[in-house]
Each structure stands twice: as structure tokens, then as C-alpha cells.
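The values are calculated or read from the model by the stated rules, or taken from the named source; none is laboratory data. Computed from a prediction, not measured in an experiment: that's the story for all the values here. Please note: Cβ atoms are built from the backbone with ideal geometry, for glycine as well, and neighbour counts cover all protein chains shown. Just the protein is used for accessible areas: all its heavy atoms, side chains included, with ligands, DNA and RNA removed. Shrake-Rupley method; radii C 1.70, N 1.55, O 1.52, S 1.80 Å.
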Amino acid sequence: MSRIAVIGGGIIGVATAYELAKLGEEVVLFEKNYFGSGSTFRCATGIRAQFTDEANIKLMKHSVERWEKLEEELGADIGFNQTGYLFLATSEEEVEAFKANIKLQNRFGVPTRLIDMDEAKEIVPILNTEPFLAGAWNPKDAKANPFKTLFAYLRRARELGVDAREHTEVVGLEREGEAITAVKFRSNGKVESVKVDAVLNASNAWAPLINEMAGLKRDLVPIKAYKHQLVKTEPLERGQAEPLVCPPAWEDAYIIQDGEDGGIICGAGIEHEAKSLEDVEPTYDFLRGVLRYAVRIAPPLRYAHVVRQWAGFYAKTPDSNPAIGKLLDNFYIAAGFSGHGFMMAPAVAQAMAELISKGRSKVPLDWEWYDPYRFERGELRSSAFQIG
Amino acid sequence: MGGKKIVCRCNDVTVEDVERLIDSGVTDIEEIKRLLRVGMGPCQGRTCIPIVISILARKTGKRPEEIPLPKARVPIRPVRVEVIVGGADE
């Protein structure tokens, strides 16, 4: 048994801590704020395999299969529901692009299909069909409750012996040669140190700071925080817009009915690089911008009330694909998820835990594609299909 | 509803729900808020948050003023979407 430190108490860190404990490892998990406070608890709840490249489609196909069994495995309600994703085309060119994506997704077993607007209207009763020509519909895409999911993983992790600490900030790493030997952390103003056999950097937007503590260049994995925002309406009757509905041509604007209370979550790809890692203030410009799109997608939303607006980070790499792999002999990274950490977590956590514990994994994760050293080599991947 | 003491009227959360969660080890008010959805309804926490803080204080032996308020979200009161987008259809 080895002692492994996981840095970052978001969904990736917590789920990987759980998977490591399942493999019999001793795990210490550090979260400097409260669990989920970074990006997980700010996400839009969506889970999709509708990507446009082989690596992300395969990884998400596997992740969705894990999601399907997660409530049973964790023994808790996590609000997982396969209500689908519906992308909408506004031009003939887009319809052709959708067809090519669908063909690729079908090749790897993702059951997306092109639907007409009559069918789209049945799936989303409040949809304005007029601006759209066709939809790409995958009924197996899904949503889940980020709060319940993270805590379900956390409870099981603790039952398996994980020492999970929140409000505990990692302040330094001790390195000998190509290995990290100890983690220094601060809790209640006191600095302590723990010897470790391996370390996982799962701190997403904060990952460059942890890499620097490991003696690596801060921009070796060039993750930047982009502020993304969401707006939510009061609860509406269920079944009005259960799938995530998105016309990519409209700045990736989307709506999705929250699985918990039925409010409509409205997002858009209106993003700005965050001024700092504390910059999560919502803006009026976004509120107005996103709602203008939302009422064009679903006109009855005009009469709903907005109850809340919040912001979080897409921790983005230059190609919007995460950095997953090994940085030093015993120092690993899974960060830079570019808005896809929540949906990818079940697959990535399993793969990462197997890599750390056994040196290899049976998860269909393309390690070369997500190689954290690709940026230094100047080998960018095709951009992962990002919305919102 | 007989006998239930409601803390949060927006999301029907009871005193027992709050106490059970605290007993399970969740004592950060930001986490309690998200798991029970207290303060996430249309009232924006005006009714429930002070009650949750007093329960949390009693259960953890802290003084209420030692417990920080959870982050307040805009808008302060619910606003109709049409007020924000305006009448103009661009």
C-alpha cells in the first residue's frame, strides 16, 4: 500500500480518491476551500458523449456507462437522468456538419441521430422551431446533480478510509530528483507535512500553481481560468426542456431544466479570461446576453422569473482538452478540463487511479491525446467541442 | 405535514433534514445550502438561512456570528425575464 496525496477537492479529486481507496491505497485528499467550491459546484450539470473527435467520444461513451451504474455503486441518489442533448442547426452547412459528427459518434457506439423539428418539438415542448432546420439528438446524454454526486463519492471514499480534509491548503511540495516526497499543508493557520509515495494534481484552474510547487514551469501545462456564467429561472413544470438544448451557432447558448427543482439553467459561450482566481462575480452583460438567446430558443421563458446568477471557471488549455497523465516519476495531473470535468469524472477517476496504483489502465482513455507534455512540444489537438 | 418543522419554505426543508445532515458530518454552510437547497429558492435565503445558522451554531458549539453567511446571489429579488431582455426583438 502506498500513501497518495490528491490535491483538489472537486469532482475529479474526490472521485479519484475514492477509486484509489477501492484499489487499496492510503489516500489523503486536500481541498483549500470547501469541497466542490472550485468548478464542480458551479457547473451546468450536463453529461454528453456528443463530441467531435475520437478520443473524447470514446472517453465519454465509457464515462456515461459508468454514470449509468454510479447510483448503485455509491449507494446514493445522485440525480442522474438520461434526458439527452439536442443540438440545433441554423443552416444547411451546419446540418452537414451535424451529419459528419453523428457518423463519427455512431462509429463508436454513441446513438446520436438527426431529427426533424416536429420530433424536436415533442422532446422540448417550449422550443421555438422556426429558426432551426434539424437537430442532433442523443437520448443517452444526461444530467446529474453535482452536489449530490460529489458527496456520494466523498462518503464512500471516507468509508474506505480516505483522509479527506477541507479548508486545508497545500503550500508546498518537497521534491528529490524526479519524485515528490512530501506535501506541506496549512490548516487553521498551522503548517504540517506528510510523507507521500505519489501526488495527483487535480486542482483544475489552480493546477499551474501546484505544478510550480513541484518545481515545474508554471506554464508547462498552460491552464487559464475563463469566467463562465449561468442564470437560472424559478421552477417550471417538469418536461418543458429536460434535455440540454443548444444551437451552437448562437454563441453556444443553451437551456436545460434543472433535475432537482425544474428551474431552467441558461448558459452561453460568452467567456472572458478571469481577472484572477477569485474573479467569480456575475455580470449584467451576461445576464442580458444569455437571456436574449434563451427567449429565442424557448419564447415562454420571457414570462419566467430569474432567481439566481452565478459564475465559475472553465479551466482551459489551449486546445480545450484536459491534461491527464504523468509529469514526474510519481507526480500526476488531471486538470484543465475546459468545462468537461464533471461529465468526464467517472471515467477519468478510474483511469487515473489505475495508472497511479498499477501503472496502466483498462479504461479507453487515449493517454497520448491528453498527454500533459503536448503543449511544451507544441502538439495541440483539435479543439474539444466546447459549449457554454 | 403533521408535526414537521419547516426551515425553508421554498424547498420544503425541515429542521430534521438540517440536523441529520450536520450529524452526518457536513458542517460548512455552503455545503448545507447546496445539498438541501436552503437559500436557493425564490426567497434567496431570507427565511431559512438565519434558522440554519442557529441550528448549526447549536450543533457545533459555535456562536452564530462565527458562522459566515453563504454567498448571496443576484438578483436580490426574482426578476421577470422580459424585464431584462426588453421588448425589442433583435
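Can you find a residue that is without any contact (Cβ under 8 Å) to a residue 24 or more places away in the chain and of a type in the set (A, V, I, L, M) anywhere in segment A:196-214? Within segment A:196-214 (the criterion being without any contact (Cβ under 8 Å) to a residue 24 or more places away in the chain and of a type in the set (A, V, I, L, M)), the answer is yes, since at least one residue qualifies. Taking the conditions exactly as written (touching a helix residue (DSSP H, G or I) at 6+ places or on another chain (Cβ under 9 Å), open to solvent by 10 Å² or more (accessible area, probe 1.4 Å) and either of a type outside the set (D, E, K, R) or at pLDDT below 95 (or both)), does A:His340 satisfy them or not? Here the answer is no, as A:His340 does not meet what is asked.
Scanning segment A:279-329 for residues that are in a strand (DSSP E or B), of a type in the set (A, V, I, L, M) and within 7 Å of another protein chain (Cβ to nearest Cβ) returns A:Val306, A:Val307.
The residues of segment A:166-187 that are within 14 Å of chain B (Cβ to nearest Cβ) and touching an Asp or Glu at 6+ places or on another chain (Cβ under 7 Å), listed by number, are A:Glu166, A:Thr168. Note on segment B:50-68: among residues that are more than 14 Å from chain A (Cβ to nearest Cβ) and aliphatic (A, V, I, L, M), the one that is surrounded by the fewest Cβ atoms within 10 Å (Cβ to Cβ) is B:Ala57. Of A:Ile333, A:Ile387, all but one fail to be within 18 Å of the chain's Cα centre (by Cα) and assigned to a strand (DSSP E or B); the exception is A:Ile333. Pairing each residue of segment A:263-274 that is closer than 10 Å to A:Leu287 by Cα and not assigned by TED's automatic domain parsing to the domain that holds A:Gly239 with any residue that is open to solvent by 10 Å² or more (accessible area, probe 1.4 Å) and assigned to a strand (DSSP E or B), provided the two are 6+ apart or on different chains, yields no C-beta distance under 9 Å. Every condition in (1) under 17 Å from the mean Cα position of the chain (by Cα); (2) within 14 Å of another protein chain (Cβ to nearest Cβ) holds for A:Glu65 except the one numbered (2). Of all residues being open to solvent by 70 Å² or more (accessible area, probe 1.4 Å) and in a helix (DSSP H, G or I) in segment A:81-105, which is farthest from A:Asp366 (Cα to Cα)? Just the residue, please. In this case the residue turns out to be A:Glu92.
Scan segment A:123-135 and give yes if some residue there is assigned to a helix (DSSP H, G or I), modelled with pLDDT of 95 or more and assigned by TED's automatic domain parsing to the domain that holds A:Arg302, otherwise no. Yes, because at least one residue in segment A:123-135 is assigned to a helix (DSSP H, G or I), modelled with pLDDT of 95 or more and assigned by TED's automatic domain parsing to the domain that holds A:Arg302. Among the residues of segment B:76-83, is there at least one that is over 30 Å from A:Pro299 (Cβ atoms) and either more than 9 Å from chain A (Cβ to nearest Cβ) or without any contact (Cβ under 8 Å) to a residue 12 or more places away in the chain (or both)? Within segment B:76-83, none of the residues are over 30 Å from A:Pro299 (Cβ atoms) and either more than 9 Å from chain A (Cβ to nearest Cβ) or without any contact (Cβ under 8 Å) to a residue 12 or more places away in the chain (or both). Name the residue that is farthest from the other protein chains (Cβ to nearest Cβ), counting only residues in segment B:7-41 that are more than 25 Å from A:Glu166 (Cβ to Cβ) and buried (at least 16 other Cβ atoms within 10 Å of the Cβ). The selected residue is B:Thr14.
Total residues in segment A:181-197 satisfying the condition of being more than 14 Å from A:Ile4 (Cα to Cα), within 29 Å of the chain's Cα centre (by Cα) and charged (D, E, K, R): the figure is 1. Here A:Ala152, A:Ala134, A:Ala120 are screened, and the one residue that is open to solvent by less than 20 Å² (accessible area, probe 1.4 Å) and within 21 Å of the chain's Cα centre (by Cα) is A:Ala152.
From the list A:Pro247, A:Pro235, A:Pro208, the one residue that fits, being in contact with an Asp or Glu (Cβ under 8 Å, 6 or more places away or on another chain), crowded, with 16+ Cβ neighbours inside 10 Å and at pLDDT 95 or above, is A:Pro208.
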